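Asker: Please read through the structure below; I'll follow up with questions.
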Amino acid sequence: MERFIPVVVIKELEETDRIMKALKNNDIHCAEITFRTDCAAEAIAYAVKNYPEMEIGAGTVINSRQCEEALAAGATFIVSPGLSPSVARLCNERGIPYYPGCVTPTEIMAALELGITTVKFFPANVYGGLKALKALSAPFPQVKFIPTGGIDRSNIEEFLAFDKVAAIGGSFFVTEALVRMEEEER
């Protein structure tokens, strides 16, 4: 798993190339393309085909229908804002990593019962940030977290320093990569 997971919202398929190139040029070889738009599955398929050196996953997957679409498009991992047992079962059957959003002990226990040991902690800033992750790690030492939401350059290092953080998710990676690419093009 990559340490940085950019959360990518593609509104029009034509944006895919520019975003993937920007991420790649910034040494980020992963993208979580969200299912917030009509072209999500198409964008995933395009990115998988044209950027085979990158790990392309699907985010904001909230049901098994979306999960099926994402997997058919070639997604190599699935991320949800919450925990969906049907998505978890589907991913388990296909051998695909699933990172559901879990922020309470009850949600983490439900994920563990489904065999999931790495969860998205979203929105991290709303649910207590690093302090909450450290508290949750005490009763769940086997769990790794992917904090997403409210993380940026001002606090990323402190999150990365915590050994229970598997990766950092965020849309700010995309914004930074695009700004750098635009600066280089000038």
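No lab work stands behind these numbers, since they all come straight from the coordinates. The model shown is predicted, which means the values in this text are computed figures rather than measured ones. In this analysis, Cβ positions are derived from the backbone assuming ideal geometry, glycine residues included, and neighbour counts consider all displayed protein chains.
Asker: So how strong a dipole does the stretch 34-93 carry about its Cα centre when Lys and Arg Cβ are +1 and Asp and Glu Cβ are -1, to the nearest 20 debye?
Answerer: With Lys and Arg at +1 and Asp and Glu at -1, about 140 debye.
Asker: What order, most packed first, do the peptides 20-28, 58-66 have when packing is the mean number of other Cβ atoms within 10 Å of each residue?
Answerer: 58-66, 20-28
Asker: Quick one: which residues, 5+ away or cross-chain, put their amide H under 5 Å from the amide H of residue 120? H built at 1.01 Å from N.
Answerer: Long-range HN contacts for residue 120: 101, 102, 146.
Asker: What is the total of Lys pairs in the chain with C-alpha atoms under 13 Å apart, excluding same-chain pairs fewer than 8 positions apart?
Answerer: For the chain, qualifying lysine pairs total 6.
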